[in-house]
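Engineer: Structure below; questions to follow.
Each reported figure results from applying straightforward, stated rules to the coordinates on display, with no laboratory input. Bear in mind that the values here come from a model prediction, so they are computed numbers and not experimental data. Counting neighbours? That spans all protein chains shown, and the Cβs are built from the backbone with ideal geometry, glycine included.
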Amino acid sequence: ASRLAGKVILITGASSGIGEATAFEYANAAKGEIKLALSARRFEKLEDLKEKLISQWPNIKVHIASLDVSNVAKLTEYVESLPEEFKAVDVLVNNAGKALGVDKVGQILQEDIDGMFQTNVIGLISLTQLILPGMKARNRGDIIQLGSIAGRDPYPGGGIYCATKAAVRSFSHSLRKELIDTKIRVIEIDPGAVQTEFSVVRYKGSKESASKVYEGAEPLNALDIAELIVFASTRRENTVVAETLVFPTNQASASHVYRKK
Ligand code: 8X3
C-alpha cells in the first residue's frame, strides 16, 4: 500500500501556488486515498479546489476552512473545529507565507513588518504548537516548513522577509533537536525563484513589477516544489529529508540568476 494511504495532510495557504499544487500532488500520489485539510484566506478558491479534487478522485476526503494564520486566536478555533476524521494530522505543511514590499530599512511600512512576521513566523509557530501534541502522543508525523533561499542568503530590499525565513529555519532546527527521541520528522523546503502569486503580492498587485522578477530566466513552478514536499514525506520512516535548497537551473544564490538578454 502507498505510504500515504489514509493519511491526514493539513496544508495552509492552500488556495493557490505551492499550497494548491501540494494538495493536488498528495491526492495524485495517494490516488485519492487521502484526507486533505485545506485552509486559506480565500474560501471560494478552496471551494473550487475541493470540487476539482473530488471530481478527479471521488474517494478523497477534503475539509476546507477559511483561515488567516496570522490570526493566532483563530488558529485554536480552527484546530478544534476539525472533524474527528481529520484531527490526527499526519503531515502538517506550513505553507502560508508572503513577502510585502522591497523597501529598504528605514522606509519599511510597519504594517508590512507586522504582516510578514505575523504570518510567516508567528502563525507558523503557533499552528505547529497546536498540532505537535497530537503528533507526540502518536509518536509520528511530519512537519514541513516552507523556508526560502531568502532565509539563508539575505538580500537588500528583503530585510524583513529574509529575517522571517531565517526565523523559520532557526525554529525548525530547534524543533528537530527537541524531537530527537521521537519519530516526528521536521522537513524544511527552501525554494529559490518559483513563479506563483508570490511576486504579485510582494509588489502589491503590480503585475508588471512582478513579472520582471522572472524576466529572461525560467523560474520553478509550484508543482516542482509540491513534488519535493510529497517526495520528502513519502520516504521510509527512518529517513528524514531534513532540508533542501531548490533552484531553477539558472539560479545559484538569491541574487545570482542567469538571464537571457
Ligand atoms: C522566495 C524566493 O528569492 O524571492 O522565497 O526570496 S526570493
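Engineer: How do 100-107, 184-191, 167-174 rank on mean C-beta neighbours within 10 Å, highest first?
Structural biologist: Highest mean packing first, the order is 184-191, 167-174, 100-107.
Engineer: Amide H to amide H under 5 Å from Glu188: which residues, 5+ apart in sequence or cross-chain, H placed 1.01 Å off N in plane?
Structural biologist: Here Gln145, Glu243, Thr244 satisfy the definition.
Engineer: In the structure shown, do any of Lys204/Lys261; Lys61/Lys183; Lys52/Lys204; Lys87/Lys183 have a Cα-Cα gap over 23 Å, and if so which? Walk me through the intermediate numbers first.
Structural biologist: Values: Lys204/Lys261 27 Å; Lys61/Lys183 26 Å; Lys52/Lys204 29 Å; Lys87/Lys183 19 Å.
Result: Lys204/Lys261; Lys61/Lys183; Lys52/Lys204 exceed 23 Å.
Engineer: Can I ask one more? What's the angle, to the nearest 10 degrees (0 to 90), between helix 222-233's Cα axis and the longest principal axis of the chain?
Structural biologist: The two axes meet at around 40 degrees.
Engineer: May I have the extent of the alpha carbons of the chain along their three principal axes, as whole Å values ordered from largest to smallest?
Structural biologist: 49, 39, 34
Engineer: For Glu215 and Ser170 in the same chain, what is the full-extension length gain: residue separation times 0.36 nm, less their Cα-Cα distance, in nm?
Structural biologist: Working: separation 45, 0.36 × 45 = 16.20 nm, distance 3.18 nm.
Taking 0.36 nm per residue and subtracting the Cα distance, the gain is 13.0 nm.
Engineer: Please rank Glu227, Glu80, Glu85, fewest neighbouring Cβ atoms within 10 Å first, as an exposure proxy. Walk me through the numbers before you get to the answer.
Structural biologist: On the way: Glu227 15, Glu80 9, Glu85 12.
Ranked by crowding around the Cβ, least crowded first: Glu80, Glu85, Glu227.
Engineer: Using 7 Å Cα-to-Cβ label points, what is the Thr249/Lys104 separation (nm, one decimal)?
Structural biologist: According to this spin-label approximation, the distance is 3.7 nm.
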